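So the structure is just underneath, and the comments pick up after that.
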Amino acid sequence: MTADALPPLLVVMGVSGSGKTTVGAALAQRLRVPFAEADNFHPPANIDNMSAGIPLDDTDREPWLRAIGAWLAEHDATGGVASCSALKRGYRDALRAAAPRARFVHLAGDIDVVRRRVAGRSGHFMPEALVASQFATLEPLAPDEPGITLDLDRTVDQLVADYLQGAQQ
């Protein structure tokens, strides 16, 4: 089977509150491939830090990115969708090193929209206070990176349709 015939291998990326989990799960369901929530790959120390309002650094993220990359590599032949902030190009490069076929779906938008979303969530470890640090860290997809950028302020159904339309181009 050629790489073009394989099911998609996607990373839905963006800042906390951009809709990665919701859109990623919807895409996985539509594409009939497994879904992985990257937050589940964080070691407890990372979750403790974020819960306390302490942003993660590259050292904190390294084992987390390795684990997500391993999941993507394991699903190369079957396809899959993972949600992962993948805020920096170096993080995306690490994911692609593990799974070269991975493509990115960047949910991008306005910081005020994201702040409102995060402030309205309950039961999540990422506080609204860290939204600004996520935007400060974010390096949007570059033209030479495989993927598509979508407007996070659209509905989930619209975003899934936008991805499917963009993937066919």
Quiz item: Which number in (1) modelled with pLDDT of 85 or more; (2) open to solvent by 40 Å² or more (accessible area, probe 1.4 Å); (3) assigned to a loop (DSSP other than H, G, I, E, B) marks the one condition that Thr149 misses?
Solution: (3)
Quiz item: Among the residues of the range 50-60 satisfying the criterion of being at pLDDT below 85 and touching a helix residue (DSSP H, G or I) at 6+ places or on another chain (Cβ under 7 Å), which is surrounded by the fewest Cβ atoms within 10 Å (Cβ to Cβ)?
Solution: Gly53
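The values are calculated or read from the model by the stated rules, or taken from the named source; none is laboratory data. Predicted model, so just to flag it, every value in this text is computed and none were measured. Cβ coordinates were reconstructed from backbone atoms using ideal geometry, including for glycine residues, and neighbour counts include every protein chain displayed. All accessible areas refer to the heavy atoms of the entire protein, side chains included, with ligands and DNA or RNA removed. Shrake-Rupley method; radii C 1.70, N 1.55, O 1.52, S 1.80 Å.
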